[in-house]
1. Note the full-extension length gain between Lys194 and Arg84 as 0.36 nm times their separation in residues minus their Cα-Cα distance, in nm to one decimal.
2. So what are the ³J(HN,Hα) numbers for the range 147-159, from phi and the Karplus equation (6.51, -1.76, 1.60; θ = phi - 60°), rounded to whole Hz, Gly and Pro as x?
3. If the limit is 30 Å between Cα atoms, which of Lys78/Lys185; Lys76/Lys144; Lys44/Lys132 go over it?
4. Using 0.36 nm per residue, how much length does the chain from Ala73 to Ile137 gain when fully extended, once their Cα-Cα distance is taken away?
5. Could you work out how much longer the chain between Met168 and Arg60 gets when fully extended? Use 0.36 nm per residue separation minus the Cα distance between them, nm to one decimal.
Amino acid sequence: MNEEKNGLGISKQLHSDPVSWVEKYADDLYRFAISRLRDEEVAKDLVQDTFLAALSQLSRFEGNSSEKTWLAAILKNKISDFYRKQASRGLNEIRQSETVQQDFFDLENGHWNALHAPGVFGLEINNPLLTKELSGILTACLKKLPPLWYSVFSMKHMDDLQSEKICMELKLTDSNFWVIMHRTKLNLRACLQKYLK
């Protein structure tokens, strides 16, 4: 245990032991990272970067939260940095894909074109086997998304971040965000329908 004096000169015990971090927290941090990223190597690298950043900031750890919570917060920041880098590379994707899915909707009335209209999945909600299979299919469909789209979708629907925060983190305009979300949902719907027919 480390000891540190607070602003009043009173000693307090810091509940941090860097020697045990890998053993205690690496698996949980990796699981969290891989659930947000699609690349095992990137997830491993970010967990390692988290430990290094925490070690360099250890003197600033005040023990107001658990060690695990503190490390998870650092990892979330590392993941946001990764998303930000992906976003800067992905702005060209937005421009290049402007015409990719224009045929989904009728330009006059805004309704689905018959060819691309959503179909009924026909799944039994209470069937655990089908739910597990759907989860696997959804994961496969998410892996097919471009990195920027995946970043925006996971930040919105997995991390439950507000759209304003995502735009700020990834340096996107509001309209770019909604275009990406719209296209992501269209792609996921098409992918799911392909596998569930």
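Just so you know, all these numbers are worked out from the coordinates, no wet-lab data involved. The shown structure was predicted, so the numbers you read here are calculated from the model rather than taken from an experiment.
1. Net length gain for the segment: 36.5 nm.
2. Rounded to whole hertz, the list is x, 5, 4, 4, 4, 5, 4, 5, 5, 6, 9, 9, 8.
3. Beyond 30 Å: nothing from the list.
4. Going from the current span to full extension adds 20.1 nm.
5. 36.3 nm
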